[in-house]
Every structure is written in structure tokens, then in C-alpha cells.
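The values are calculated or read from the model by the stated rules, or taken from the named source; none is laboratory data. Treat the numbers as computed from the prediction; the structure is a model and nothing was measured. No Cβ is skipped: glycine too gets one built from the backbone with ideal geometry, and neighbour counts run over all protein chains shown. Just so you know, the surface numbers come from the protein's heavy atoms only, side chains and all, with ligands and any DNA or RNA stripped out. Shrake-Rupley method; radii C 1.70, N 1.55, O 1.52, S 1.80 Å.
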Amino acid sequence: MVILVFKKTIYALTFVFTFTLGNGAVADTLEEMLARTYQNNPDILAAQSTLEQTLEETPVAWTNYLPSVSLSNSLSRTLTDDEYASTSTKADDRSTTLSVSQDLLNFSSNEQFNKAKYNILRQRELFRGTVQKVLLDAITAYLDVIKNENIVQLRKNNVAVLETHLKSTEALYELRRRTNADFSQAQSRLAKGNADLTTSEIDYNIAASKYRRITGLDPNNLSQPVFDIMIPYRLQDAMEMALVSHPNVVSAFKSVDAAKSDIRTKKTAFAPTLSLSGSVSKSHTNNMASASDESVTSSVGLELTIPIFQKGVEYTDLRIAEMALKKAMADMDSARRVAEDNAAQSWEEMRGAEAKIEAFEVQVNAATIALKGISQELEAGRRTLLNLLDAEQELLNARVSLAGANHDYLLAKYKLAERVGELSLDNLKIGLAN
């Protein structure tokens, strides 16, 4: 009887837990979750709205190249009373004017269009950066739920084993084949196992709450994802890709371009402008005291404007734009340094987690062999129950550590993909429903 109990203990502790979907339930894959998160996340929706607003700068800039056309119509009546002649006259005047004006030379129009182009490119990168951040947060929450669910199941298995120990130890204690110390040790380990299980369940609930906040979904039978993104496996390559492709770096470059364009725009205030204008005016006068009069007047001309004195406001605007350029260049240098540092950290985390996985796998195998040996020695009377409990705890700790290392390795790969600007719906092979 005792031998069977110990053998069941070994089988339960060496069991590698995997999630199965019961009752025909369908697992939520990472791709499905990310597709729904992309369509419903408020941060992405807000960034998308900002991008759409920025896109309107282009048609606004284009309007500077179009002519201005206006049509005006006026009607007036004049009453004249002559007190000496005791007469009064009435005259109606009506005029219609069509005016057209077209800029022929205006440097500010070109720069306004260029600035709009740079702002749109910058906003596109900021939107891409927001998408990357939200996707990484969602992936992190997804993997945290899976990790904590695995740990909860491992600790549930451990509690079941410890309950079996306590029952068998209590039965043997009543037969005076186990000491009071053995019985107390079995009780102590079960209490600790229950406490650890409670802690793991709390950690799972916290991870599930974070998952719901980011994705707007309930964690429902999440399945382990398979990483399938091309990422650099050399540190130098990762850092170089981050400097070229990360949205924060690219948007910082576009901010510098926009600041330079703004300076050129401010300088156009000192440049001359040339415009072509024309008008056609038709007037009609209906005078009751004399004959009616009707005329048509047409005019066309060029207008050249050369600034001479402008009170100094333009110089102040130019200095402010130059200071804004200095800030944009400083922000660009900062973005480059942060991108390099983040890429290096994620690369080191990935390599460190990979090494931990190898070490913990060795630990799990060794602890499994040790547990079998101690169980056999306990049957022969050369080991105590405490030795068996310690061996079981060591195997459990190794399995929990291995689950954490597997989580950290997969998450580090997704982090590295984000750091080098490769975490996108296309690279994740995610299609959106129309």
C-alpha cells in the first residue's frame, strides 16, 4: 500500500502539464486576440484619429496653389430732394463684379506643402509606434496569463500529491509506523502548498485583469503561440535595425525635417510675392431724371509685393523656429540612444532566458531522477519522509522556474521584434475582417 502511494506521487510530480481544450471549446489564438485588440483598443483608435486629422494638412496645403474667385453684387438707391425747385429724383445703381486672383510667386506655399508632408510621415510613424506598443502589451498580457495558468496547475498537482502524503502518513502514524514528526512535516508541507497555490491564483487573477484591460476580452482557453517573425540574432544587427526601423527614431528624423521646413517657411516672410489679378464689372444706373446708363469694366494686372519693414515679429518667429529645430535634433539623438539601449537589453534578455531554459531543463531532469531514487530508498528504509518531501519540492520549484524561463524567452523575442520595428500585423500574419 505504501509503495503504491509513493509511486503515484512520483508519477504525479513528473507529469508535465499541458493545456487541453475540453467540451469542444475553441482556444483563443494570439492572432485572433491581436486582430480584435487592433480594432477595439482605445489607444490605437485615438492615434488613428490623430493620423486622419494630420492627413488633412495636404489638401489644405494644396489650396495655396489654387486661384481665388469671388462674385459680388451690389444694389443701391439714391433719393434727391430739391427744396427750391420742389422736385425729387430717384436713381437705382446695380453692379456685378467677378474677381480672380492667382499667386504666381509665393515661396510660403511650397514650404507649407513640404511641412505637411513631413508632419504626415511623422504621424504615420507615431501611429506605427502606438500599434507596436499596444500589440506588445497585449502579447505580454497573453503570455502572462498562460504562464500563471501553468503555474496554478502545477501547484494544484502538488497540493493533490501532498494531500495523498498526509493521508498515507496519518494512516501509518495510527499504525505506529510513522512518527509524530513525520505527520507534522506532512501537515506543514500541505499548508505551504495551499499557501503557494493561493498566491499563484492571485497572480493569475491579476494577469487576467490586465489582459481584459488591454484587449477588452476575457482569457478563454488561450493557446501557446508560435513565434514566427524574422529578428536579428546578433547584437550589432539588432542595434542597427533599431536605428533604422524603430518608429520613435524615424518619427524623430521627420520632426527634424519638419522643423527645418518651418524655418524655411518663416524666412519666406522676407521674400517678395507676385500675383496675377483680374476682374470684370458690370454696372447699371437707372435714373428717372435722365437717361439710364450701363457700362462694363474689365481689368487685369500683376501685383509685386516686396517687404521692407515688418516691425520685427517675423524675426522673433524665425528665432523660435530655430530653437525648435535644436530641440528636435536633441530629441532625435535621444531617440537613437534609447533605441540602441532597448534593442541591446531585449537581445540580452532573450539570450539570458535561452540559457536559463537549458539550465532549468537539466535541473528538472536531475530532480526527477533524484526523486525516483529517494522514493526507492525510502521504501528500503534508508530515507525519511522529509527527504521525499524535499525532493518533491525541489522538482516542483524546477518546473515552475522552467515555466517562467520559457515565458521570458518567448516574451523577449517579441520585445526584440518591437525594439527593431518589426512587430506589425503583417509580420504577425494577422488579417483584419472587413
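For the reader, a short list of remarks on this structure follows.
- With 0.36 nm allotted per residue and the present C-alpha distance subtracted, the Asp237-Asn64 stretch has 57.8 nm of extension available.
- Restraint check, Lys260/Lys311; Lys210/Lys356; Lys133/Lys415; Lys133/Lys413; Lys147/Lys192; Lys254/Lys429, Cα-Cα greater than 19 Å: Lys260/Lys311; Lys210/Lys356; Lys147/Lys192; Lys254/Lys429
- Trypsin sites (Lys or Arg not before Pro), loop per DSSP, at most 10 other Cβ atoms within 10 Å - longest free stretch of the chain: 1-175
- Along segment 297-303 the Karplus relation, 6.51 cos²θ - 1.76 cosθ + 1.60 evaluated at θ = phi - 60°, assigns HN-Hα couplings of 10, 10, 8, 8, x, 10, 10 Hz to successive residues, with x for each Gly and Pro.
- Against the set (i) -0.72; (ii) -0.43; (iii) -0.61, the structure's computed log10 I(q)/I(0) by the Debye sum over Cα atoms at q = 0.08 Å⁻¹ falls on (i).
- Karplus-derived 3J(HN,Hα) values for segment 56-69, using 6.51 cos²θ - 1.76 cosθ + 1.60 with θ = phi - 60°, are 6, 5, 5, x, 5, 5, 5, 4, 5, 8, 8, x, 9, 10 Hz; glycine and proline are entered as x.
- Among Glu303, Glu322, Glu52, residue whose mean-square fluctuation peaks in a GNM of the chain (springs only between Cα atoms under 10 Å): Glu303
- Accessible surface, the chain, averaged per residue in Å² (probe 1.4 Å): 57
- Theoretical ellipticity at 222 nm over the chain - DSSP helices of four or more residues, -39500 (n - 2.57) apiece, nearest 500: -23000 deg cm²/dmol
- Across segment 100-106, coupling constants 3J(HN,Hα) worked out from phi with the 6.51/-1.76/1.60 Karplus curve, θ = phi - 60°, read 9, 9, 9, 6, 9, 9, 8 Hz, and Gly and Pro carry x.
- Shape of segment 253-402, Cα gyration tensor, a/c cut at 1.5: prolate
- Atom-type composition of the exposed protein surface of the chain places 53 percent of the accessible area on carbon and sulfur (1.4 angstrom probe).
- The chain: angle of helix 30-40 to the longest principal axis, Cα-based, in degrees nearest 10: 30
- DSSP loop chymotrypsin sites (Phe, Trp or Tyr not before Pro) with at most 15 other Cβ within 10 Å excluded, longest remaining stretch of the chain: 85-226
- Inter-centroid distance (Cα atoms) of segment 313-333 relative to segment 222-283, Å: 17
- Degrees between helix 247-267 axis and first principal axis of the chain (Cα, 0 to 90, nearest 10): 20
- Axis angle, to the nearest 10 degrees, between helix 313-379 and the longest C-alpha principal axis of the chain: 20 degrees.
- Chain lengthening between Phe309 and Thr199 when straightened (0.36 nm per residue, less Cα-Cα): 32.1 nm
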